[in-house]
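Engineer: Here's a structure for you.
FYI, it's all coordinate maths here, none of it is from the lab. These numbers were taken from a predicted model, which means no experiment stands behind them. Note that each Cβ is placed from the backbone with ideal geometry, even for glycine, and that neighbours are counted across all protein chains shown.
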Amino acid sequence: MQDSTTDFRKLWSEIGVDLDLHDQLMAGLDRVFTHTHLWQKDRPASMSLFDKAFHDSHAGRVAEIAAYRAKGGKSVGTFCIYVPDEIALAAGVLPIPLCGGSGWAVDHADRMFPRDICPLVRSTFGMSFSNTCPYKKLKDFAVGETTCDAKKKAWDLLGFLSLEIPQKKNIIDRQLWLSEVERFRGEMEKLSGRAVTAEALASSIRLVNNKRRLLQRINGFRKLDEPPISGLDALLVSQAALNMDVEAFNAAAGVLVAELEERASKGVSAYSMPGPRVLFAGSPSPMGFAKTHYVVESSGLRIVADESCTGMRYFRDLVDEGASSLEDMISAIADRYFSIDCACFSPNMERMDNVAALLPEYRVQGVIHGILQYCHGYDIEAKALDKVLSAAGVPSLKIVADYGEQDEEQIRVRVEAFRELLAVGGGITTG
Ligand code: SF4
Ligand code: SF4
């Protein structure tokens, strides 16, 4: 995948990666990436930076983290967008997102684990237990959370630190969450041997807020009649935002923003054909998985907004930069993360309100519920969301998918029927 493949093989070998299985994994990821992304004709030229980030996720990024650790730096694996990166960075600890997006790894996990858990967790298991995750030995420990049952039980099995995410949003729940954020700070300080100072935390809050602001700007272009970036490429940028070094990501995102401004001013579209504007809603799509986005956009629909954790849920809210004391900054971080509208909350009215607000803002004509198989929270919550969509006169289509490619054409048939329905202004079609 890289020019200096030999050097990376040496590095992978040193960090305990099974080279033969890793070759299989990489070949699968490359093939899927070519299939899902490289058919697009009118991509911004600077998407090459994010294509590179995809390929670097098992190469250049691994080398960066290995070099940081060789100098005494610490790193932790993270899952889920609830882990506050700002605190880890302020303690000098590099967060490494580990959510699995590889279908090959799912097959590997299925030899050892139950199949009726979501592919994100199975893929993570598969990479860990097949020794194909290069980050397995490049971290001091990993941090998970108690969002859904699949994750809770996975963290027990893998021996991860688990942050307790409350399932309601009352005052007592916010207090519990604040204490978990404090506990996380303590763990990061203990690991790095460096106290989090107000100055360091203010700096990392600004850095991560800037990343989220850049993502907001990139996604803002999708409101235009002719979006200069596709939904597939916007997804790739969001996936890269989770994997890349923050400063490197911000630099690349700045280049993309400048190009999108120019394309927008000239009316250059990412799409060669007209198509209905749809919102993608539901489960996350970790790097390596873009099947649903691919089928939807290659069937002639335009994903103009994505409210998932690999979309707006990650960048919609910023940490308030007004606090000056360390205590107030920690509290502002807790508030920002507590506002995440994951389907693990009951009830989850914030998500209903957030989606309702997106419909006029992005002139959404239809909603695709993109649900990972066995992701019960988002699957069941699609019903509640449909009530909101129905009231707004916006039809929806639910696609439940795993990471395999065998059902692409079946999904395409349903997406094409949905496209026709949107063309004639039809009603709700869930299934
Ligand atoms: S969907 Fe929920 S559990 Fe999954 S990454 Fe997002 S916030 Fe975390
Ligand atoms: S995709 Fe759904 S089921 Fe899977 S880990 Fe995330 S919230 Fe849990």
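Engineer: So how compact is the chain: Cα radius of gyration and Dmax in angstrom?
Structural biologist: Just the Cα atoms of the chain yield Rg and Dmax of 20.7, 62 Å.
Engineer: In nm, to one decimal, how far is the modelled label at residue 161 from the one at residue 42, with both set 7 Å along Cα→Cβ?
Structural biologist: 4.8
Engineer: Let me ask something else. Where does the range 5-210 land on Rg/Rh, using Cα atoms and the Kirkwood Rh? Present the calculation step by step, with values, prior to reporting the outcome.
Structural biologist: On the way: Rg = 18.3 Å, Rh = 18.6 Å.
Rg divided by Rh gives 0.98.
Engineer: How many percent of the alpha carbon pairs in the range 1-105 exceed a separation of 19 Å?
Structural biologist: Values: 2969 of 5460 pairs.
Tail fraction, whole percent: 54.
Engineer: Follow-up. Quick check: convex hull of the Cα atoms in the range 280-329, volume per residue, rounded to a whole Å³?
Structural biologist: On the way: hull volume 4.7 nm³, N = 50.
Cα convex hull per residue, to the nearest whole number: 94 Å³.
Engineer: Let me ask something else about it. Restricting things to Cα coordinates, could you compute the convex hull volume per residue of the range 93-229 in Å³? Don't skip to the answer; put the middle values down first.
Structural biologist: Working: hull volume 24.3 nm³, N = 137.
Convex hull of Cα atoms, per residue: 178 Å³.
Engineer: If amide hydrogens are placed 1.01 Å from N in the peptide plane, which non-local residues have theirs closer than 5 Å to the one on residue 145?
Structural biologist: Hits under the 5 Å cutoff: 163.
Engineer: Within the range 245-282, name every residue whose backbone N is under 11 Å away from a label modeled 7 Å from Cα of residue 363 along the Cβ vector.
Structural biologist: Hits in the range 245-282 for residue 363 at 11 Å: 277.
Engineer: At R0 = 45 Å, how high is the FRET efficiency between residue 268 and residue 346 if r is their beta carbon distance? Nearest 0.05 is fine. Let's see the in-between values first.
Structural biologist: Numbers: r = 44 Å, r/R0 = 0.98.
Calculated transfer efficiency: 0.55.
Engineer: With each label point set 7 Å from Cα along the Cα-Cβ vector, what nm distance links residue 376 and residue 390?
Structural biologist: Result: 2.3 nm between the two label points.
Engineer: I'd like the Karplus ³J(HN,Hα) series for the range 297-304: coefficients 6.51, -1.76, 1.60, θ = phi - 60°, whole numbers in Hz, and an x wherever there's a Gly or Pro.
Structural biologist: Ordered by residue, 3J(HN,Hα) equals 6, 6, 9, x, 9, 10, 7, 9 Hz.
Engineer: Rounded to the nearest 0.05, what FRET efficiency do residue 110 and residue 197 give with R0 = 56 Å and r taken as the Cβ-Cβ distance? Could you check?
Structural biologist: On the way: r = 46 Å, r/R0 = 0.83.
My answer for the efficiency is 0.75.
Engineer: Then there's this: Run the helix sum for the chain: -39,500 (n - 2.57) per DSSP H stretch of 4+ residues, divided by residue count, reported at 222 nm to the nearest 500 deg cm²/dmol.
Structural biologist: Values: 18 runs with 233 residues, N = 431.
Result for the chain, helices only: -17000 deg cm²/dmol.
Engineer: Further question on the same structure: For the modelled label position 7 Å from the Cα of residue 223 along Cα-to-Cβ, which residues of the range 314-331 have backbone nitrogen atoms closer than 19 Å?
Structural biologist: Within reach of a label on residue 223: 314-318.
Engineer: What's the long-distance tail for the range 278-431, i.e. % of Cα pairs beyond 20 Å?
Structural biologist: On the way: 5927 of 11781 pairs.
Value for the range 278-431 (Cα pairs over 20 Å): 50 percent.
Engineer: Placing +1 on the Cβ of each Lys and Arg and -1 on the Cβ of each Asp and Glu in the range 5-210, which of 40, 15, 89 has its Cα farthest towards the positive end of the resulting dipole?
Structural biologist: Toward the positive end, the furthest listed residue is 89.
Engineer: How big is the range 346-429 in terms of Cα radius of gyration and Dmax, in angstroms?
Structural biologist: 13.3, 36
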